[in-house]
Protein chains: 2
Amino acid sequence: MKYDDTGKLPDITDVRAAGQTLAGEILATPILRCDLLDQQAGREVWVKAECLQHTGSFKYRGARNRILNLTQNERENGVIAYSSGNHAQGVALAAKQEGITCSIIMPNDTPKVKIDGVLASKAQIIFYDRLHEDRQKIATELAAEQNAVLIEPFSGRFIIAGQGTLGLEIAAHPHSDQFEAVVTNAGGGGLTAGIALALEADLPDCDLYTCEPEGFDDHMRSFVSGQRERNTALSGTICDALMTQTPGEMSFAINRGRVRGGLVVSDDEVKAAMRFAFSHLKLVVEPGGAVSLAAALHRKVPGTGPICVIASGGNVDPNLFQSIITAP
Amino acid sequence: MKYDDTGKLPDITDVRAAGQTLAGEILATPILRCDLLDQQAGREVWVKAECLQHTGSFKYRGARNRILNLTQNERENGVIAYSSGNHAQGVALAAKQEGITCSIIMPNDTPKVKIDGVLASKAQIIFYDRLHEDRQKIATELAAEQNAVLIEPFSGRFIIAGQGTLGLEIAAHPHSDQFEAVVTNAGGGGLTAGIALALEADLPDCDLYTCEPEGFDDHMRSFVSGQRERNTALSGTICDALMTQTPGEMSFAINRGRVRGGLVVSDDEVKAAMRFAFSHLKLVVEPGGAVSLAAALHRKVPGTGPICVIASGGNVDPNLFQSIITAP
């Protein structure tokens, strides 16, 4: 079996290389502002609308970067990924665009919208039981069997570097020198790591915070203890994209010295943020994509200066979305 | 009473001046693409995501341009607008940002989301009965009484020039030289007129089409007959923003020689487009904002080459939106 790359910790050189590789391949998503958001948050808030990215989440950045860096040999043997949904869609589309065979290992309780997204890109799906089976083991065995490249969801040099291009875009914004902090949504921590590298290089005075849902605050606790903490729960939040058990080893090695701290929001705060995004930003944001916006709206981000939050994904089932936007 | 400006037909010089006035004031909204959209439309389709604009529609462009071009005297006497909703929100916010008094005359069946948008900007609202009262008359009398500037929704040099900045942005897109056509949503035709001027100057080989809902196809019929035709219906479409009775005099004078033709879509096609935008573009698009996307998805736009459609607004009531996204 082959890992997706060497395991070397990515650095800003990798992020800048990803920026070049992905130019014209990804959407440089807009950074929005809204008077009412500033009022509710009590400060200036900018929203990086990454849910508009291809496949509806930031995951396409890393996936596309990984796929475009495969060797000819690797391309012929295909790729495998495990994912709660957004990484799966990113890998599936990026592979399809290059005519590369792709298998995805997904939990059998994945929101239908994410399954449909993968199927639209003609990938093969292998379902597993999230509570009783080990997806990494299934993926590793399958990759060995097929001699395929395993594209892990939040580690690997090309993945983290690809996500980091989002950080480059934030730093390149005309108002970024006023940003006191950037707040990002953390599952495995790959997006956080990429952004951390980009900000350290291009916006060094800006703080970076993670945000997580209650019960899945492994990053917050890990930043406090200095080591990778685990969540005890396996379910219990609407933020399906952020139900990771522990920070990724590679991403945490990058994040621990670079992230200022971790924030936590409740599902109700997430729902209010999704409703706000619908009503005032005209964005469809999924629960896991809305946690940092929720932190801003509920004034949980330290400081009073301008901040940038990331609406990282928009893949939400219509029935859940409708119940949230019509709640009183 | 004073009209909002001289009545001179705007030209490309006015549009470029608006571009300068509005730089940094408006969002240069992104132009999105999506594999699945191309597949369904049978051609390359680019979506100008103008629903992300401040106040959730393109109307803010013209309104902000008008407000920023008021004389000191005019600023002190305040402004008045009549509108089915989006123009009202645009004027109200643009006025509030400059500390200018603002009164809005709105139909009493305006969607609540649009009323709330106006109230959030602290404007005074005067309701009228769309079926029995003449909003223009009410507005004209009030403007005379208060010596206030009447900002009409789809005529006036600064309004049309402001909307035209959207056309400048389309023409400036890296792929615009491949666009065979641009399709825009037409109510009074002010956006169309602005875009027509911009494309004529910066993208002269590109065709421009309007799109309207069934029963409100006054532009389509007017382009055929060469004169301003009227709709007989006053209601009967979910596209509340496009229920204008006839093309504006000023906008039609610009559009009649510059627009290739008019397209028409049904409410069901509009709903399918809104559902598509929710599921795949992660955009909240209102019915009237979705007609040109509907025309693309239902293959009603002549030709087979790349086109650009405009998602011009996103102010839709949650209850209507939820019923549309959860329909089978």
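The values are calculated or read from the model by the stated rules, or taken from the named source; none is laboratory data. What you are looking at is a predicted structure, and each value in this text was computed from that prediction instead of being measured. Cβ: placed from backbone, ideal geometry, glycine included. Neighbour counts: every protein chain shown.
Details
- For region B:44-87, a tally of residues being touching a Lys or Arg at 6+ places or on another chain (Cβ under 8 Å) and charged (D, E, K, R) returns 2.
- Out of A:Ser279, A:Ser251, one residue alone is hydroxyl-bearing (Ser, Thr, Tyr) and within 14 Å of chain B (Cβ to nearest Cβ). It is A:Ser279.
- The residues in region A:228-257 that are assigned to a loop (DSSP other than H, G, I, E, B), surrounded by fewer than 17 Cβ atoms within 10 Å (Cβ to Cβ) and either at positive phi or of a type in the set (A, V, I, L, M) (or both) can be counted, and the count is 3.
- So A:Ala290, is it among the small types (Gly, Ala, Ser), within 20 Å of the chain's Cα centre (by Cα), within 14 Å of A:Gly187 (Cβ to Cβ) and in the same structural domain as A:Leu166 (by TED's automatic domain parsing): yes
- The condition of being more than 14 Å from chain B (Cβ to nearest Cβ), in a helix (DSSP H, G or I) and free of Cβ contacts under 8 Å to residues at least 60 places away in the same chain holds for A:Arg221.
- From the list B:Ser266, B:Ser225, the one residue that fits, being hydroxyl-bearing (Ser, Thr, Tyr), surrounded by fewer than 24 Cβ atoms within 10 Å (Cβ to Cβ) and over 19 Å from the mean Cα position of the chain (by Cα), is B:Ser225.
- Taking first residues from region B:294-317 that are surrounded by fewer than 24 Cβ atoms within 10 Å (Cβ to Cβ) and partners that are basic (Lys, Arg), the Cβ contacts under 7 Å between residues at least 6 apart in sequence or on separate chains come to B:Thr304/B:Arg43; B:Gly305/B:Arg43; B:Pro306/B:Arg43; B:Asp317/B:Lys112.
- Scanning region B:246-286 for residues that are touching a Cys at 6+ places or on another chain (Cβ under 8 Å) and closer than 26 Å to A:Ser312 by Cα yields B:His280, B:Leu281, B:Lys282, B:Leu283, B:Val284, B:Val285, B:Glu286.
- The requirement of being surrounded by 17 or more Cβ atoms within 10 Å (Cβ to Cβ), small (Gly, Ala, Ser) and either farther than 20 Å from B:His87 by Cβ or within 20 Å of the chain's Cα centre (by Cα) (or both) is satisfied by B:Ala272.
- Evaluation of B:Arg33 against (1) farther than 30 Å from B:Glu180 by Cβ; (2) within 14 Å of chain A (Cβ to nearest Cβ); (3) basic (Lys, Arg) (one fails), failing number: (1)
- Residue check for A:Asn108: modelled with pLDDT under 95 and away from chain B (no Cβ under 13 Å): yes
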